[in-house]
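Beneath this line is the structure, given in C-alpha coordinates, with notes to follow.
The values are calculated or read from the model by the stated rules, or taken from the named source; none is laboratory data. Just so you know, these numbers come straight off a predicted model, no measurement behind them. Here the Cβ positions follow ideal geometry from the backbone for every residue, glycine too, while neighbour counts run over all protein chains shown. To get the accessible areas, we keep the full protein, side chains included, count just its heavy atoms, and leave off ligands, DNA and RNA. Shrake-Rupley method; radii C 1.70, N 1.55, O 1.52, S 1.80 Å.
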Amino acid sequence: MRITHIPSKFVSSARTLRRTTVVGTATVAATLLLAGPALAHITVTPDSVPAGSTDVLTFHVPNEEAHADTVKVDVQIPTDHPIAQFLVQPIPGWTFTVKNITLAKPLVTDDGSFSQAVSEVIWTGGRILPGQFQNFEISADPMPTGESQVVFKAIQTYSDGNVVRWIDLPQPGQAAPAHPAPTVTLTTGTATAAAPASTAHASTTSASSGSSGSSSALGLAGLIVAVLAGLLALMVLRQNRRLTAEAGLRDGAPAATGPATAAGEQAPAQRTGPANTKASSRQPKRRR
(Lines give C-alpha, C1' and ligand atoms only; values in the text may rest on other atoms or scores of the structure.)
Protein backbone atom coordinates (compact mmCIF):
# COMPACT_ATOMS: atom_id res chain seq x y z
CA MET A 1 0.00 0.00 0.00
CA ARG A 2 1.33 3.39 -0.96
CA ILE A 3 1.50 6.08 1.74
CA THR A 4 1.01 9.52 0.31
CA HIS A 5 2.96 12.32 1.87
CA ILE A 6 0.71 15.27 2.79
CA PRO A 7 2.44 18.64 2.46
CA SER A 8 2.84 20.55 5.69
CA LYS A 9 0.79 23.48 4.46
CA PHE A 10 -2.27 21.23 4.14
CA VAL A 11 -1.73 19.84 7.62
CA SER A 12 -1.48 23.41 8.91
CA SER A 13 -4.73 24.32 7.16
CA ALA A 14 -6.54 21.36 8.73
CA ARG A 15 -5.27 22.32 12.18
CA THR A 16 -6.40 25.89 11.63
CA LEU A 17 -9.88 24.69 10.69
CA ARG A 18 -10.09 22.53 13.81
CA ARG A 19 -9.05 25.44 15.99
CA THR A 20 -11.60 27.66 14.27
CA THR A 21 -14.30 25.10 15.03
CA VAL A 22 -13.42 24.97 18.73
CA VAL A 23 -13.26 28.76 19.04
CA GLY A 24 -16.49 29.23 17.09
CA THR A 25 -18.40 26.70 19.16
CA ALA A 26 -17.12 28.22 22.41
CA THR A 27 -18.09 31.69 21.23
CA VAL A 28 -21.64 30.61 20.38
CA ALA A 29 -22.03 28.84 23.72
CA ALA A 30 -20.69 31.83 25.64
CA THR A 31 -23.02 34.19 23.78
CA LEU A 32 -26.05 32.10 24.63
CA LEU A 33 -25.03 31.67 28.24
CA LEU A 34 -24.29 35.35 28.71
CA ALA A 35 -27.58 36.29 27.08
CA GLY A 36 -29.44 34.45 29.85
CA PRO A 37 -28.64 36.83 32.76
CA ALA A 38 -29.53 39.83 30.58
CA LEU A 39 -33.06 38.44 30.31
CA ALA A 40 -33.26 37.38 33.96
CA HIS A 41 -33.97 40.74 35.61
CA ILE A 42 -37.10 41.27 37.68
CA THR A 43 -39.53 42.93 35.28
CA VAL A 44 -43.15 44.11 35.37
CA THR A 45 -45.87 43.78 32.75
CA PRO A 46 -47.51 45.63 31.26
CA ASP A 47 -44.66 48.12 31.07
CA SER A 48 -46.98 50.91 29.89
CA VAL A 49 -50.49 51.81 31.11
CA PRO A 50 -52.73 54.91 31.01
CA ALA A 51 -52.43 57.25 33.97
CA GLY A 52 -55.39 56.94 36.32
CA SER A 53 -56.30 53.44 35.10
CA THR A 54 -56.91 50.29 37.11
CA ASP A 55 -54.45 47.57 36.13
CA VAL A 56 -53.18 44.13 37.12
CA LEU A 57 -49.40 44.33 37.33
CA THR A 58 -47.36 41.12 37.06
CA PHE A 59 -43.85 41.00 38.49
CA HIS A 60 -41.71 38.32 36.84
CA VAL A 61 -39.10 37.07 39.33
CA PRO A 62 -36.44 34.64 38.00
CA ASN A 63 -33.86 32.75 40.02
CA GLU A 64 -30.38 33.80 38.86
CA GLU A 65 -28.45 31.67 41.33
CA ALA A 66 -27.14 28.19 40.51
CA HIS A 67 -27.10 26.76 44.05
CA ALA A 68 -29.69 28.75 46.03
CA ASP A 69 -33.46 29.27 46.03
CA THR A 70 -35.33 32.56 46.06
CA VAL A 71 -37.21 32.62 49.39
CA LYS A 72 -38.40 36.22 49.67
CA VAL A 73 -39.61 38.91 47.26
CA ASP A 74 -40.18 42.48 48.45
CA VAL A 75 -41.83 45.00 46.10
CA GLN A 76 -41.83 48.61 47.28
CA ILE A 77 -44.73 50.85 46.22
CA PRO A 78 -43.88 54.54 45.71
CA THR A 79 -45.65 56.82 48.18
CA ASP A 80 -44.77 60.23 46.72
CA HIS A 81 -47.67 59.63 44.30
CA PRO A 82 -49.56 56.92 46.24
CA ILE A 83 -51.92 54.30 44.90
CA ALA A 84 -55.12 54.19 46.91
CA GLN A 85 -56.21 50.57 46.59
CA PHE A 86 -54.19 47.38 46.27
CA LEU A 87 -55.29 43.80 45.84
CA VAL A 88 -52.80 40.91 45.98
CA GLN A 89 -53.22 37.68 44.01
CA PRO A 90 -52.72 34.63 46.31
CA ILE A 91 -50.05 32.12 45.20
CA PRO A 92 -50.08 28.52 46.47
CA GLY A 93 -47.17 27.94 48.84
CA TRP A 94 -46.53 31.66 49.38
CA THR A 95 -47.84 34.10 51.99
CA PHE A 96 -47.86 37.87 51.59
CA THR A 97 -47.69 40.83 53.93
CA VAL A 98 -48.96 44.30 53.01
CA LYS A 99 -47.50 47.37 54.72
CA ASN A 100 -49.35 50.69 54.80
CA ILE A 101 -48.41 54.26 55.59
CA THR A 102 -50.57 57.15 56.75
CA LEU A 103 -50.72 59.91 54.18
CA ALA A 104 -50.07 63.52 55.21
CA LYS A 105 -52.84 64.52 52.84
CA PRO A 106 -55.77 62.16 52.09
CA LEU A 107 -55.93 60.80 48.55
CA VAL A 108 -59.25 61.53 46.88
CA THR A 109 -60.44 59.22 44.07
CA ASP A 110 -63.74 58.30 42.44
CA ASP A 111 -64.15 55.68 45.16
CA GLY A 112 -63.76 58.13 48.02
CA SER A 113 -61.05 59.59 50.26
CA PHE A 114 -58.14 57.47 51.51
CA SER A 115 -55.88 58.41 54.42
CA GLN A 116 -53.61 55.38 54.01
CA ALA A 117 -51.74 53.84 51.08
CA VAL A 118 -49.78 50.65 50.49
CA SER A 119 -46.01 51.11 50.72
CA GLU A 120 -44.74 47.53 50.46
CA VAL A 121 -45.83 44.00 49.54
CA ILE A 122 -43.67 41.09 50.79
CA TRP A 123 -43.98 37.47 49.66
CA THR A 124 -42.40 34.70 51.78
CA GLY A 125 -42.81 30.99 52.51
CA GLY A 126 -42.35 29.70 48.97
CA ARG A 127 -39.29 28.88 46.90
CA ILE A 128 -38.14 29.65 43.37
CA LEU A 129 -35.63 26.96 42.41
CA PRO A 130 -32.60 27.53 40.15
CA GLY A 131 -33.65 27.66 36.52
CA GLN A 132 -37.24 28.66 37.40
CA PHE A 133 -39.25 31.84 37.82
CA GLN A 134 -42.45 32.92 39.55
CA ASN A 135 -45.05 35.58 38.73
CA PHE A 136 -46.42 37.82 41.50
CA GLU A 137 -49.56 39.85 40.74
CA ILE A 138 -51.16 42.92 42.25
CA SER A 139 -54.12 45.06 41.21
CA ALA A 140 -53.48 48.80 41.42
CA ASP A 141 -56.40 51.26 41.50
CA PRO A 142 -55.91 53.88 40.26
CA MET A 143 -52.46 54.36 38.75
CA PRO A 144 -51.02 57.82 39.57
CA THR A 145 -51.66 60.86 37.43
CA GLY A 146 -49.33 63.77 36.71
CA GLU A 147 -46.30 61.46 36.46
CA SER A 148 -44.47 59.93 33.49
CA GLN A 149 -43.63 56.63 35.20
CA VAL A 150 -43.95 54.59 38.36
CA VAL A 151 -40.86 52.82 39.74
CA PHE A 152 -41.40 49.67 41.79
CA LYS A 153 -38.13 48.90 43.55
CA ALA A 154 -37.74 45.18 44.32
CA ILE A 155 -35.53 43.23 46.72
CA GLN A 156 -34.86 39.52 46.13
CA THR A 157 -33.53 37.29 48.94
CA TYR A 158 -31.93 33.87 48.42
CA SER A 159 -31.70 30.88 50.72
CA ASP A 160 -27.92 31.34 51.08
CA GLY A 161 -28.41 34.87 52.45
CA ASN A 162 -27.57 36.68 49.22
CA VAL A 163 -29.74 39.77 48.65
CA VAL A 164 -30.15 41.37 45.22
CA ARG A 165 -31.59 44.89 45.10
CA TRP A 166 -33.37 45.77 41.88
CA ILE A 167 -33.49 49.49 42.58
CA ASP A 168 -31.30 51.22 39.97
CA LEU A 169 -32.61 53.68 37.38
CA PRO A 170 -31.08 54.40 33.95
CA GLN A 171 -29.01 57.59 33.80
CA PRO A 172 -28.60 59.71 30.66
CA GLY A 173 -25.31 59.07 28.90
CA GLN A 174 -24.49 56.00 31.01
CA ALA A 175 -24.68 52.27 30.40
CA ALA A 176 -27.77 50.39 31.49
CA PRO A 177 -27.65 49.56 35.22
CA ALA A 178 -26.86 46.03 36.32
CA HIS A 179 -29.92 45.82 38.59
CA PRO A 180 -32.67 47.97 37.02
CA ALA A 181 -35.85 48.61 38.96
CA PRO A 182 -39.14 47.42 37.42
CA THR A 183 -40.75 50.47 35.84
CA VAL A 184 -44.19 51.20 34.36
CA THR A 185 -44.55 54.10 31.92
CA LEU A 186 -47.71 56.19 32.31
CA THR A 187 -49.43 57.42 29.17
CA THR A 188 -52.20 59.95 28.64
CA GLY A 189 -54.64 57.39 27.21
CA THR A 190 -58.11 56.78 28.51
CA ALA A 191 -58.28 54.99 31.83
CA THR A 192 -59.47 51.40 31.60
CA ALA A 193 -61.78 49.45 33.82
CA ALA A 194 -60.55 46.91 36.32
CA ALA A 195 -59.09 43.78 34.75
CA PRO A 196 -61.57 40.87 34.65
CA ALA A 197 -61.07 37.90 36.92
CA SER A 198 -60.24 35.70 33.92
CA THR A 199 -57.14 37.84 33.25
CA ALA A 200 -55.81 37.27 36.76
CA HIS A 201 -56.55 33.55 36.47
CA ALA A 202 -54.67 33.33 33.18
CA SER A 203 -51.65 35.04 34.72
CA THR A 204 -51.73 32.64 37.65
CA THR A 205 -51.73 29.70 35.25
CA SER A 206 -48.73 31.19 33.51
CA ALA A 207 -46.94 31.47 36.84
CA SER A 208 -47.53 27.85 37.73
CA SER A 209 -46.01 26.78 34.43
CA GLY A 210 -42.91 28.88 34.95
CA SER A 211 -40.67 25.91 35.58
CA SER A 212 -41.47 24.19 32.29
CA GLY A 213 -41.17 27.44 30.32
CA SER A 214 -37.75 28.21 31.75
CA SER A 215 -36.56 24.64 31.24
CA SER A 216 -37.73 24.73 27.63
CA ALA A 217 -35.79 27.93 27.01
CA LEU A 218 -32.60 26.42 28.47
CA GLY A 219 -33.12 23.24 26.47
CA LEU A 220 -33.56 25.27 23.28
CA ALA A 221 -30.33 27.15 23.93
CA GLY A 222 -28.48 23.88 24.42
CA LEU A 223 -29.97 22.48 21.22
CA ILE A 224 -28.84 25.53 19.25
CA VAL A 225 -25.28 25.13 20.57
CA ALA A 226 -25.27 21.43 19.67
CA VAL A 227 -26.56 22.06 16.14
CA LEU A 228 -24.03 24.80 15.45
CA ALA A 229 -21.19 22.66 16.79
CA GLY A 230 -22.29 19.77 14.59
CA LEU A 231 -22.42 21.99 11.50
CA LEU A 232 -18.94 23.34 12.17
CA ALA A 233 -17.56 19.84 12.72
CA LEU A 234 -19.11 18.68 9.44
CA MET A 235 -17.52 21.60 7.60
CA VAL A 236 -14.10 20.72 9.03
CA LEU A 237 -14.51 17.05 8.08
CA ARG A 238 -15.36 17.90 4.49
CA GLN A 239 -12.53 20.39 4.25
CA ASN A 240 -10.03 17.85 5.62
CA ARG A 241 -11.14 15.30 3.03
CA ARG A 242 -10.75 17.83 0.24
CA LEU A 243 -7.29 18.86 1.44
CA THR A 244 -6.19 15.23 1.70
CA ALA A 245 -7.39 14.52 -1.83
CA GLU A 246 -5.61 17.59 -3.20
CA ALA A 247 -2.43 16.62 -1.38
CA GLY A 248 -2.52 13.15 -2.95
CA LEU A 249 -2.98 14.53 -6.46
CA ARG A 250 -0.19 17.06 -6.08
CA ASP A 251 2.18 14.36 -4.82
CA GLY A 252 1.65 12.29 -7.97
CA ALA A 253 -0.59 9.59 -6.53
CA PRO A 254 -2.66 7.94 -9.29
CA ALA A 255 -6.39 8.36 -9.15
CA ALA A 256 -6.89 4.59 -9.34
CA THR A 257 -4.43 1.67 -8.94
CA GLY A 258 -6.62 -1.11 -10.26
CA PRO A 259 -8.80 -3.66 -8.52
CA ALA A 260 -8.18 -4.10 -4.82
CA THR A 261 -6.77 -7.34 -3.47
CA ALA A 262 -7.52 -9.12 -0.28
CA ALA A 263 -5.56 -8.18 2.82
CA GLY A 264 -2.17 -9.86 2.88
CA GLU A 265 -2.48 -11.13 -0.72
CA GLN A 266 0.10 -10.04 -3.22
CA ALA A 267 -1.02 -8.87 -6.61
CA PRO A 268 0.05 -11.22 -9.41
CA ALA A 269 3.17 -10.16 -11.23
CA GLN A 270 2.62 -8.72 -14.63
CA ARG A 271 3.93 -10.73 -17.54
CA THR A 272 6.40 -9.06 -19.81
CA GLY A 273 5.74 -11.27 -22.81
CA PRO A 274 3.97 -14.40 -24.06
CA ALA A 275 4.15 -17.40 -21.77
CA ASN A 276 5.37 -19.71 -24.59
CA THR A 277 7.53 -18.29 -27.34
CA LYS A 278 8.74 -20.07 -30.48
CA ALA A 279 12.26 -19.88 -31.72
CA SER A 280 12.59 -17.05 -34.11
CA SER A 281 15.60 -18.61 -35.94
CA ARG A 282 16.02 -21.99 -37.68
CA GLN A 283 18.40 -24.73 -36.58
CA PRO A 284 21.50 -24.95 -38.83
CA LYS A 285 21.59 -27.95 -41.13
CA ARG A 286 24.16 -30.66 -40.60
CA ARG A 287 26.66 -31.20 -43.28
CA ARG A 288 27.09 -34.69 -44.58
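Report the Cα centroid-to-centroid distance between the stretch 38-59 and the stretch 72-121 in angstrom, as an integer.
The two parts, judged by their Cα centres, are 16 Å apart.
Which part of the stretch 67-104 falls in the paramagnetic zone of Ser115, meaning amide N under 16 Å from the point 7 Å along Cα-to-beta-carbon?
100-104
Decide, for the stretch 119-186, between rounded, prolate and oblate: order the square roots of the alpha carbon gyration tensor eigenvalues as a ≥ b ≥ c, take rounded if a/c falls under 1.5, and otherwise choose prolate if a/b is larger than b/c, else oblate.
Numbers: a/c = 2.51, a/b = 1.30, b/c = 1.93.
Taking the square roots of the gyration eigenvalues as a ≥ b ≥ c, the stretch 119-186 is oblate.
Please compute the per residue accessible area over the stretch 90-156 with all protein chains in place, 1.4 Å probe, rounded to a whole number of Å².
Working: 3420 Å² over 67 residues.
Normalised by residue count, the accessible surface of the stretch 90-156 is 51 Å².
For the stretch 69-161, restrict the atom set to alpha-carbon positions and state the Rg and Dmax in Å.
Cα radius of gyration and Dmax of the stretch 69-161 are 14.9, 46 Å respectively.
Testing the spin-label approximation: label points 7 Å from Cα along Cα→Cβ at Thr102 and Met235. State their distance in nm.
Calculated label separation equals 7.1 nm.
For a quick check: with amide H placed at 1.01 Å from N, whose amide H comes under 5 Å from Asp168's, ignoring anything fewer than 5 positions away on the same chain?
Counting only residues 5 or more places away or on other chains, the set is His179, Ala181.
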